[in-house]
Amino acid sequence: MQHSNNLSPSNVTELTRRQFLMTTAALCAQGVIRPFAIYASSDSLPGIRSLPLADLQKYFHNPNAHLAAYEYFTAGRGLGSAELIGGPVSVSVGQLVPEWKLRYRATPEGIRPGGYLRIWLPNGGSLPVLGSGEVPSSVSVSAKGGQPVTTIEAVAFSKQYGIEFKSGQRVVRVAFPDGLAPGGKVTLTWKDVKVGDLAPRWADNRLPFRVYADHDADGFDEEIAASPSVAVHSGPADRLLMRCASTAVVGEKTRVTVAVLDKFDNPASGYTETVEFGLDEGTGDGICLPKPLAFAGVEHACAETAVVFTKPGIYWMRILSGPLSASSNPVEVFAKAPAERLYWGDIHFHTDYSADARAGANSTTDYAGAYQIGRHRYGLDFMAATDHHSLEQGNYDSEDWKMMQQITNEANDPGRFATFVAMELSCPKGDQNIYFSGNSAPFLDHTAGTDERKKDWAALEGFDCFAPPHHFCQDMRPWDWSVFNASLQPVCEVFSNHGRAEYSGNKPDYCGHEVATLPGHTWTEQLAKDKRLGVLASSDDHTGRPGCCGLTGVWAPALTREDIFRSIKNRRCYASTDSRTILHFSVNGHLMGESFNAHVSPVVRIRTASPTLIREIAIVKNGQTVYRVEPKSRFSEWDWTDPDFHEDAYYYIRLSLAPNPDCTNRSMFANREEFVWSSPVWVHHLGLGKI
Ligand SMILES: [Zn+2]
């Protein structure tokens, strides 16, 4: 700890908050410590804001928040310095760096006996093990000026949900039982480290080597003033990605987003070519194609343009640039503005504010950057970041929450891009996300206890929100469906990177969990219990790629927060693994999500267009597939009359699609069948006597 003037860790603990604030303010005025922001809105609130991205362990089990604040104020000065020596100043994703060397230099005071260093090696590389250098990814430490003892620690950031959550063994602890001499040097060598293949941050993608020091042996370490880091660059262009607005009107400018990606689906580096537009096979000629897009000087390897259609119909476009080409999703063009248009979004993903994303992911992204990635790289229409809402689990505090809401509100751009204030609440009885229609939402005192759901729901009373469960039939915290709130839960998340949740025995696919469809917990089993659940799909991404899988299609009057929110609440939405398939589905003219009464056989109507061949369209009635069509084309339109209507029924549509070479996320979808699920229509059977 830095003992500056009359402020030290030992006396900080004895100071009242007010005294501490006064002392730090005085030191600040003297220039001894940095200027700081203090949030002291009332005496009952903590007066000091600690930094959430500071040392995780300290923050998570932080009985000494004021010490974290002290760290914030002193900004790691007086703790020594560190640099990477002899290695590259930047790396490409996927590049193997055979050896990293990090050198720490102590201050003129050295490190007292019993002090230590903690060095957090970057996520994405292979896990370090202690060794002499012969074993892969070995770590060895040498010191001049003190004999160190080295161990490796997992990043155990909290006891979540009764499970000790640990990320990899990434922290090397170097202890100095006899201290380190003034100015002493410590060199850490990390061999055979493979840099990860993700460089997804919107800006400033770096591999950090975080160095923390306890130089006065009080058992409390702080990050040094400038931990070293190395820039990470994406690779060269390997593919193109084009996404268009799904609904268009003749004569209107229609949005087209083009991104250039490297072989790991990161935004490509150094692309200066031009992308030309064309029509895909079988598409009509009623189109004014955009001018070629020049990528020289374009930031983030993505750009937006517009296309204008002159005739109604379904269109697929194509882009070409040298050897690269890609097809778009289909665009449905109307002669006049339709009552509702189709919009696509990902409303479940995590950023730097989620502890598990920070500690466990290859790379994550900052909160504002997540919206940029989804909107500009993937051409999404709406988004909601859902960081784990619990300070106890090490995520963010109420002050952060204010800022997160502000960023979400600023990213909301009515008519062009919609966002929701949202959060994820995880409990032993299941995980759910909460979406709010308004600009602000409460910071809940959420602690992941078994009765937490009741408490959370009580706290949400009076707020216009909905709370779909997710990965609800998975072995990791399956949703306890004995508790159900129809108004809070109009929809459920039937697909994410955790896999599919349609029916019992559904192969999980697309996920790393062995059991993704626990019997009794799946979507159709809940429909059978008369729960009126529509469907969503989301990514639940923890790697800084919101929108890379799991999309929700929403039919809404306009692209505004209010309209999208209302449509999802009304189940006017459907789920897609990734493909932006247009799906019109109605029963007797009632649209997906609706209920109605009938006494004669219902007529199901389908009109659909997909980026790839539609292998099968199945009508599912009360959990059974009752009719199938195999169109073997990208477009299909037909009616079907239920020949066997004798009781209440729900109907939904499941599409199976051929793999899409232009999928968003090749590591998940390359050569994989894709799916689309509609929300159901519920039909109440009127007996003859009731007509
Ligand atoms: Zn999540």
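When each of TRP401, TRP638, TRP100, TRP523 is scored by the number of other beta-carbon atoms lying within 10 Å, the sequence from fewest to most is TRP638, TRP401, TRP100, TRP523. Partners of LYS101 within straight-line reach, counting lysines whose Cα lies under 18 Å from its Cα and excluding those fewer than 8 residues away in the same chain: LYS144, LYS185, LYS191, LYS194. Kirkwood analysis of the Cα pair distances in the range 81-233 returns a hydrodynamic radius of 16.0 Å. Over the range 437-591, the reciprocal of the mean inverse Cα-Cα separation, the Kirkwood hydrodynamic radius, stands at 16.6 Å.
With a Förster radius of 22 Å applied to the beta-carbon distance between VAL89 and VAL129, the computed FRET efficiency rounds to 0.25.
One equal scatterer on each Cα of the range 167-209, no solvent, Debye formula: the resulting log10 I(q)/I(0) at q = 0.16, 0.17, 0.20, 0.25 Å⁻¹ is -0.72, -0.77, -0.91, -1.10.
Compute the FRET efficiency between GLU99 and ALA203 as 1/(1 + (r/R0)^6), taking r as their Cβ-Cβ distance and R0 = 35 Å, and round to the nearest 0.05. Approximately 0.75, to the nearest 0.05.
Going from the residue with the fewest nearby Cβ atoms within 10 Å to the one with the most, LEU488, LEU657 rank LEU488, LEU657.
For the range 239-338, the extents of the C-alpha atoms along the principal axes are 41, 24, 21 Å, listed from largest to smallest.
A Förster radius of 35 Å combined with the Cβ-Cβ distance from SER142 to HIS300 puts the calculated FRET efficiency at roughly 0.25.
Kirkwood radius, the range 195-269, all distinct C-alpha pairs, inverse of mean reciprocal distance: 16.2 Å.
If you average the alpha carbon positions of the range 218-278 and of the range 629-691, how far apart do those two centres end up, in angstrom? Cα centroid of the range 218-278 versus Cα centroid of the range 629-691: 33 Å apart. Here the range 395-442 is treated as a sphere whose radius is the Kirkwood value from Cα pairs; by Stokes-Einstein at 37 °C and 0.692 mPa s it diffuses with a coefficient of 278 µm²/s.
All other residues whose Cβ lies under 12 angstrom from that of GLN406 are scored, Lys and Arg at +1 and Asp and Glu at -1, for a net of -2. Taken over the alpha carbons of the range 340-576 as equal point scatterers, the Debye sum produces base-10 log I(q)/I(0) values at 0.08, 0.13, 0.18 Å⁻¹ of -0.25, -0.70, -1.50. Scaling the Cα radius of gyration of the range 581-691 by the globular reference 2.2 N^0.38 Å produces a ratio of 1.19. With a threshold of 27 Å on the Cα-Cα distance, the over-threshold entries among LYS291/LYS311; LYS263/LYS632; LYS336/LYS632; LYS429/LYS621; LYS311/LYS621 are LYS263/LYS632; LYS336/LYS632; LYS429/LYS621; LYS311/LYS621.
Stretched out straight at 0.36 nm per residue, the stretch from LYS531 to HIS599 would grow longer than its current Cα-Cα span by 22.3 nm. Put in line by how crowded their Cβ is, counting other Cβ atoms within 10 Å and starting with the fewest, PHE635, PHE596 read PHE596, PHE635. Between beta-carbons, use under 13 Å as the cut-off and find the net charge around ALA175, counting Lys and Arg +1, Asp and Glu -1. Net charge around ALA175: -1.
Rounded to whole numbers, the Karplus 3J(HN,Hα) couplings from phi for the range 260-270 are 10, 10, 7, 6, 9, 6, 8, x, 5, 9, x Hz, using 6.51 cos²θ - 1.76 cosθ + 1.60 with θ = phi - 60°, and x at Gly and Pro.
The range 321-393 and the range 184-208 have Cα centres separated by 26 Å. Scattering from the range 283-353 was approximated by placing one identical point on each alpha carbon and applying the Debye formula without solvent; log10 I(q)/I(0) at 0.21, 0.22 1/Å stands at -1.10, -1.14. Stokes-Einstein diffusion of the range 476-554 at 37 °C, 0.692 mPa s viscosity, Kirkwood radius from Cα pairs, rounded to a whole number: 249 µm²/s.
Charged neighbours of SER539, selected by a Cβ distance under 12 Å, balance to -4 (K, R count +1; D, E count -1).
Every read-out reported here was derived from the displayed coordinates using simple, explicitly stated rules and does not represent laboratory data. What you see is a predicted model; the values in this text were computed from it and never measured. Cβ coordinates were reconstructed from backbone atoms using ideal geometry, including for glycine residues, and neighbour counts include every protein chain displayed.
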